[in-house]
Amino acid sequence: SIGSRIELSDGNKMPIQGLGVYKMTDEEQAINAIQSAYKFGYRLFDTAQMYGNEEAVGRALQSINADRNEIFITTKISEENQGYDGVMKSFEQSLKKLGLDYVDLLLVHWPIHQHFFETWKAFEQLKSEGLVKSIGTSNYGMIHLEYLKTKANEMPVVNQIENHPYLSQAAMVEFDKNNQIVTQAWAPLGRGRIFDDPTLIKIADNHKKSTAQIILRWHLQRGISFIPKSVHENRIIENGSIYDFELTNEEMMLIDDMNKNVRISQEPEMVY
Ligand code: NAD
């Protein structure tokens, strides 16, 4: 079900599916979306310093009034806040805005050359203080993770990367897996731009599901985490209704074959 969790290599458990809240800058819209998602069973909410809505997420959480250990909150440190002091200071602000004593998962939003290791030191420190339960990265490629490994005491347990049928990054997902890192897909729906792909439409017809549901089910069956965004209650429910059917191996392969290596994002900076 939508509340299902997977175990991370640090022993914590993370819901496989969550709600992304990028571009939900209107406070009322963000609160409504989070409330709808929570009501339907979503437990993971993915924000970032960069999204400018940590306060709105905090208000939404207050209004829900759930047990703290029932919900799972991710935020991300922006590039301008990297470095030891930058992480420490900005994280304190994030906690305050979110109205929390800890976040479940803290991610480095993008790999940048400057302060590469100091940033991670701060992450390890926040984890040791219990202010962050799990630490991870976002938009890290193999080269970044290999480089991090040369000095890290603890490796990231999650790597959140752009991932959808047009950018399935099979080798990267495999690399994460071999390093006990859970891959989490951002823009799991290709930001809504790939719904009219004929392969997806055909598979959707087979199952009487929407193309969005087919894509999300594909992520689920690949064993990766995903955080689709929508502000509309009907779509939030639709995106969460993927636990009552199964794609065949052949259908999975057809979607794997849709890869075009097309990125929405910029190429992550090379670090060495
Ligand atoms: P997405 O793939 O989740 O697509 C979202 C868009 O798809 C929506 O705005 C809507 O237009 C459409 N949509 C969603 N559900 C639909 C449905 N059922 N039917 C029709 N249309 C539907 O793209 P995203 O928002 O970029 O990514 C999801 C989340 O990932 C973000 O909200 C954010 O939390 C995170 N993210 C992280 C990074 C990063 O660098 N780490 C970058 C971008 C996004």
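The values are calculated or read from the model by the stated rules, or taken from the named source; none is laboratory data. Not measured: the values here are computed from a predicted model. Here Cβ is always computed from backbone atoms with ideal geometry, including for glycine, and neighbour counts include all displayed protein chains.
For this structure, a couple of remarks:
- The listed residue being in contact (Cβ under 8 Å) with a residue 60 or more places away in the chain, hydroxyl-bearing (S, T, Y) and touching a helix residue (DSSP H, G or I) at 6+ places or on another chain (Cβ under 6 Å), out of S90, S36: S36
- Among the conditions (1) outside any loop (DSSP other than H, G, I, E, B); (2) closer than 18 Å to W110 by Cα, the only one that E174 does not satisfy is (2).
- Answer residue from the stretch 108-159, given it is under 21 Å from K89 (Cα atoms) and of a type in the set (K, R) and is farthest from the chain's Cα centre (by Cα) among those: K121
- Taken over the stretch 251-272, residues that are touching an Asp or Glu at 6+ places or on another chain (Cβ under 7 Å) and under 20 Å from A204 (Cα atoms) amount to 1.
- Residue check, G240 touching a strand residue (DSSP E or B) at 6+ places or on another chain (Cβ under 9 Å) and away from the ligand (no atom under 15 Å from the Cβ): no
- Residue in the stretch 62-76 that is in a loop (DSSP other than H, G, I, E, B), surrounded by fewer than 22 Cβ atoms within 10 Å (Cβ to Cβ), more than 19 Å from the chain's Cα centre (by Cα) and touching a residue at least 40 places away in the same chain (Cβ under 8 Å) present: no
- Qualifying residues in the stretch 214-241 (those that are of a type in the set (S, T, N, Q) and more than 25 Å from S138 (Cβ to Cβ)) - the one surrounded by the fewest Cβ atoms within 10 Å (Cβ to Cβ): N234
- Of everything in the stretch 41-68 that is of a type in the set (S, T, N, Q) and touching a strand residue (DSSP E or B) at 6+ places or on another chain (Cβ under 9 Å), the residue that is nearest to R235 (Cα to Cα) is T47.
- Residue within the stretch 152-164 that is modelled with pLDDT under 95, polar (S, T, N, Q), outside any helix (DSSP H, G or I) and over 30 Å from Q213 (Cα atoms) present: no
- Residues that are touching a helix residue (DSSP H, G or I) at 6+ places or on another chain (Cβ under 6 Å), more than 20 Å from I16 (Cβ to Cβ) and polar (S, T, N, Q) within the stretch 138-195 comprise just one, N153.
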